[in-house]
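Just below is one structure, and these are the notes that go with it.
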Amino acid sequence: MTHLDLALQGANCEALGAQIRRQFPVALVDEFQDTDPVQYRIFDCVYRIDENRRDTGVFLIGDPKQAIYAFRGADIHTYLKARRDTAGRHVTLGINYRSSATMVAAVNRCFAFAEEHPPGAFLFKEADGTNPVPFHGVAAKGRKDSLTPVSYTHLTLPTKA
């Protein structure tokens, strides 16, 4: 990544970026919330994200609630810059298909409660009340499986000899 980042800097950005776009006209970046500034600089040079070019497509898929890789350089402020660069082009997943309805309701309630208080659920609410990353609750399709309580009445513990 470091070498590609260096190669894309300066006058080389447009020529090398065009070559990469020809080979990969569409990019899907999953777990974007864990992107670091170098990675975003590469994506932005190649795809000119804020220009929203018609000859290419770049899809940034991420959830700031899942940003966990700061220890390896991921930067939530890079995520926020990308949100600004893609203003008006956001889509929010409205239905969770992977969790039980009760789990989704509990998570929605926790984040909604936090969102009602300054500085919001993700600590980005501005003094004027604007929030670049507002919380949006989701519905749940739910799951048919459920947890079954386990009985430990027949558990045998080792004894000392």
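Out of everything in the range 101-137 that is among the aliphatic types (A, V, I, L, M) and in a loop (DSSP other than H, G, I, E, B), what residue ends up being least open to solvent (accessible area, probe 1.4 Å)? Ranking the qualifying residues of the range 101-137, first place goes to Val133.
Could you list, in sequence order, all residues of the range 78-106 that are without any contact (Cβ under 8 Å) to a residue 12 or more places away in the chain and closer than 26 Å to Glu14 by Cβ? Explain how you work it out, then say what you get.
If we filter the range 78-106 for residues that are without any contact (Cβ under 8 Å) to a residue 12 or more places away in the chain, which is where we start, we get 87-88, 90-91, 102, 106.
Once the filter is applied, which keeps residues that are without any contact (Cβ under 8 Å) to a residue 12 or more places away in the chain and closer than 26 Å to Glu14 by Cβ, the range 78-106 yields Ala87, Gly88.
In the range 12-35, the residues that are under 21 Å from Tyr79 (Cβ atoms) reach residues that are of a type in the set (Ser, Thr, Tyr) and surrounded by 13 or more Cβ atoms within 10 Å (Cβ to Cβ) with C-beta atoms within less than 6 angstrom, at least six apart or across chains, in these pairs: Gln33/Tyr79; Asp34/Tyr69; Thr35/Thr78. When only residues in the range 67-90 that are touching a Pro at 6+ places or on another chain (Cβ under 7 Å) and in a helix (DSSP H, G or I) count, which is nearest to Lys125 (Cα to Cα)? Here the answer is Leu80.
Can you say whether Arg98 is out of contact with any helix residue (DSSP H, G or I) (no Cβ under 8 Å at 6 or more places or on another chain), open to solvent by 90 Å² or more (accessible area, probe 1.4 Å) and farther than 23 Å from Asp34 by Cβ, as far as the supplied structure shows? Give the derivation first.
On the way: out of contact with any helix residue (DSSP H, G or I) (no Cβ under 8 Å at 6 or more places or on another chain): yes; open to solvent by 90 Å² or more (accessible area, probe 1.4 Å): yes; farther than 23 Å from Asp34 by Cβ: no.
No: the conditions fail for Arg98.
Answer with yes or no whether Arg109 is charged (D, E, K, R) and within 30 Å of Arg48 (Cα to Cα). No: the conditions fail for Arg109.
Evaluation of Leu93 against the conditions (1) of a type in the set (A, V, I, L, M, F, W, C); (2) in a loop (DSSP other than H, G, I, E, B); (3) within 24 Å of Lys144 (Cα to Cα); (4) touching a Lys or Arg at 6+ places or on another chain (Cβ under 9 Å) shows that the sole unmet condition is (4). Scan the range 116-131 for residues that are under 16 Å from Gln66 (Cα atoms) and at pLDDT 85 or above and the total you get is 0. Taking residues in the range 40-54 that are on the phi > 0 side of the Ramachandran plot and without any contact (Cβ under 8 Å) to a residue 40 or more places away in the chain, and partners anywhere that are open to solvent by less than 90 Å² (accessible area, probe 1.4 Å) and among the hydroxyl-bearing types (Ser, Thr, Tyr), the pairs with Cβ atoms closer than 9 Å and at least 6 places apart or on different chains are Arg48/Thr56; Asn52/Thr86.
Take the residues in the range 7-58 that are assigned to a loop (DSSP other than H, G, I, E, B) and acidic (Asp, Glu); name whichever of them is least open to solvent (accessible area, probe 1.4 Å). The extreme case among them is Asp36.
If you go through the range 59-81 and keep only what is farther than 15 Å from Val29 by Cβ and either open to solvent by 70 Å² or more (accessible area, probe 1.4 Å) or among the basic types (Lys, Arg) (or both), you end up with Lys65, Ile68, Ala70, Phe71, Arg72, His77.
The values are calculated or read from the model by the stated rules, or taken from the named source; none is laboratory data. What you see is a predicted model, and the numbers here were worked out from it, not measured in a lab. So basically every Cβ, Gly included, is an ideal-geometry build from the backbone, and we count neighbours across all protein chains shown. Accessible surface is based on the protein model in full, side chains and every heavy atom, while ligands, DNA and RNA are left aside. Shrake-Rupley method; radii C 1.70, N 1.55, O 1.52, S 1.80 Å.
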